[in-house]
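Okay, structure first, notes after.
The values are calculated or read from the model by the stated rules, or taken from the named source; none is laboratory data. Keep in mind the model is a prediction, meaning the values are calculated, not measured. Here the Cβ positions follow ideal geometry from the backbone for every residue, glycine too, while neighbour counts run over all protein chains shown. Remember, those area values only see protein heavy atoms, side chains included, never the ligands or the DNA or RNA. Shrake-Rupley method; radii C 1.70, N 1.55, O 1.52, S 1.80 Å.
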Amino acid sequence: MKQFTGTYTAIVTPFAGGKVDEEALKNLIQAQIAGGVDGIVPVGTTGESPTLDYDEHIRVIEAAIDFAAGKIKVLAGTGGNSTREAVYLTKAAAAAGADGSLQVAPYYNKPTPEGLFQHFKAIAAATTLPMVLYSIPGRCGIEIGVETVKRLAQSCDTVVGIKESGGNADRVSQLRAALGDEFTIPCGDDSLTLPFMAVGADGVVSVASNIIPREVAQMVKTFAAGKTDAARKLHEKFFPLFKSLFIETNPIPIKAALAMMGTIEEEYRLPLVRMSARNREELKARLEECGLLKAAAPSTAGVLK
């Protein structure tokens, strides 16, 4: 049976006063449960994992599992560019009760295909936790090749999927042809969810569902049920928002949007900083268009009565 299909929210890590805001995280996760998503991905790219220390990273996973309360799955981000680090975090996630781990390709050190294979194989050997690989060459500088994914799936029973964030639907077709129907391939880009699903992807790991969980989940479920026109209408409605949420480096826009909606404090850790004023206005306009913010009433200052 396939695992980790449908809609998984790449949940943000809210901060307040320099610390993880667990109350805000709890509220976010409860909103995801109410919105009907299938699961969450804590401490991935959107969760600002590179700026969390080990204790914080593990605590966010533990808290996410606690707050999810078995109602939705938790696919914990435990990858890294050091194999020892990834093994350490994955063991901790397994001990905490995560449903699976998301393993990003090592970044900066740019391993060879053999290095990638040995890296993921070592992590798979360390626990029995199901693993979803994560190929995002725009951030990591390397792609997890189709042959490497196939080799891992054949060698490691716990390698069950790959989050595909390369922006290329051809890759989905290549992966599906190489790995068969039981291998899970979630899309990693909100705006490409339907194109990727049309050629074999199994849903999305979504940034937008932080603010519109019900709508993203509905779009994915509707398309999977063969109601393509209804799914396309949802895609068309939210496509401008999908694009605006990446107008600056993720997770800056999604955290700004959540803050505008009064859900979290708008706090990042360096080197991430607040959005530019111009981009903030564009994002605000998209949120208003989608009915997520009320448009400000026109000013009556200086108007004769």
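Kindly indicate which of Lys284, Lys237 is out of contact with any Phe, Trp or Tyr (no Cβ under 8 Å at 6 or more places or on another chain), closer than 21 Å to Val37 by Cβ and either in a helix (DSSP H, G or I) or among the charged types (D, E, K, R) (or both).
So the residue among Lys284, Lys237 that is out of contact with any Phe, Trp or Tyr (no Cβ under 8 Å at 6 or more places or on another chain), closer than 21 Å to Val37 by Cβ and either in a helix (DSSP H, G or I) or among the charged types (D, E, K, R) (or both) is Lys237.
Of all residues being crowded, with 22+ Cβ neighbours inside 10 Å and hydrophobic (A, V, I, L, M, F, W, C) in the range 77-95, which is farthest from Ile61 (Cα to Cα)? Just the residue, please.
Once the filter is applied, the top-ranked residue is Ala86.
How many residues, within the range 43-68, are in a helix (DSSP H, G or I) and either open to solvent by less than 50 Å² (accessible area, probe 1.4 Å) or under 27 Å from Glu248 (Cβ atoms) (or both)?
Summing the residues that are in a helix (DSSP H, G or I) and either open to solvent by less than 50 Å² (accessible area, probe 1.4 Å) or under 27 Å from Glu248 (Cβ atoms) (or both) in the range 43-68 gives 13.
Considering only the range 31-42, I want to know if a residue exists there that is farther than 19 Å from Ser135 by Cα, among the polar types (S, T, N, Q) and crowded, with 19+ Cβ neighbours inside 10 Å.
yes
Quick check on Asp157: is it part of a loop (DSSP other than H, G, I, E, B), farther than 12 Å from Val104 by Cα and not aliphatic (A, V, I, L, M)?
Yes; evaluated as a whole, the condition is true for this residue.
Hey, among Ala230, Ala224, which residue is open to solvent by 10 Å² or more (accessible area, probe 1.4 Å), more than 16 Å from the chain's Cα centre (by Cα) and either closer than 19 Å to Cys187 by Cα or among the acidic types (Asp, Glu) (or both)?
The match here is Ala224.
Does the range 1-30 hold any residues that are within 28 Å of Leu270 (Cβ to Cβ) and either at pLDDT below 95 or open to solvent by 50 Å² or more (accessible area, probe 1.4 Å) (or both), and which are they?
Across the range 1-30, the qualifying residues are Gly17, Lys19, Glu22, Glu23, Lys26, Asn27.
Out of the residues in the range 133-186 meeting the condition of being out of contact with any Leu (no Cβ under 9 Å at 6 or more places or on another chain) and at positive phi, tell me which one is most open to solvent (accessible area, probe 1.4 Å).
Gly141
Considering only residues that are without any contact (Cβ under 8 Å) to a residue 60 or more places away in the chain and either open to solvent by 10 Å² or more (accessible area, probe 1.4 Å) or over 30 Å from Phe246 (Cα atoms) (or both), which ones fall in the range 120-132?
Lys121, Ala122, Ile123, Ala124, Ala125, Ala126, Thr127, Thr128, Leu129
Report, ordered by the first and then the second residue, all pairs with beta carbons closer than 6 Å, sequence separation of six or more or different chains, a first member in the range 161-188 that is farther than 15 Å from Val132 by Cβ, and a second member that is of a type in the set (Ser, Thr, Tyr) and open to solvent by 10 Å² or more (accessible area, probe 1.4 Å).
Matching pairs, first to second residue: none at all.
Collect the residues in the range 244-271 that are over 17 Å from the mean Cα position of the chain (by Cα) and open to solvent by 40 Å² or more (accessible area, probe 1.4 Å), keeping them in residue-number order.
Within the range 244-271, Met260, Met261, Gly262, Thr263, Glu265, Glu267, Arg269, Leu270, Pro271 meet the criteria.
Only one residue in Lys305, Lys284, Lys294 is modelled with pLDDT under 95, touching a helix residue (DSSP H, G or I) at 6+ places or on another chain (Cβ under 8 Å) and among the charged types (D, E, K, R), so which one is that?
Details: Lys305 fails: touching a helix residue (DSSP H, G or I) at 6+ places or on another chain (Cβ under 8 Å); Lys284 fails: modelled with pLDDT under 95.
Sole residue among the options that is modelled with pLDDT under 95, touching a helix residue (DSSP H, G or I) at 6+ places or on another chain (Cβ under 8 Å) and among the charged types (D, E, K, R): Lys294.
Just to be sure before I move on: is Gly80 of a type outside the set (Phe, Trp, Tyr), in a loop (DSSP other than H, G, I, E, B) and over 25 Å from Ile254 (Cα atoms) in the structure I sent?
no
Considering every residue within the range 96-117, establish whether at least one is in a helix (DSSP H, G or I), open to solvent by 60 Å² or more (accessible area, probe 1.4 Å), hydrophobic (A, V, I, L, M, F, W, C) and under 26 Å from Val149 (Cα atoms).
Scanning the range 96-117, I find no residue that is in a helix (DSSP H, G or I), open to solvent by 60 Å² or more (accessible area, probe 1.4 Å), hydrophobic (A, V, I, L, M, F, W, C) and under 26 Å from Val149 (Cα atoms), so the answer is no.
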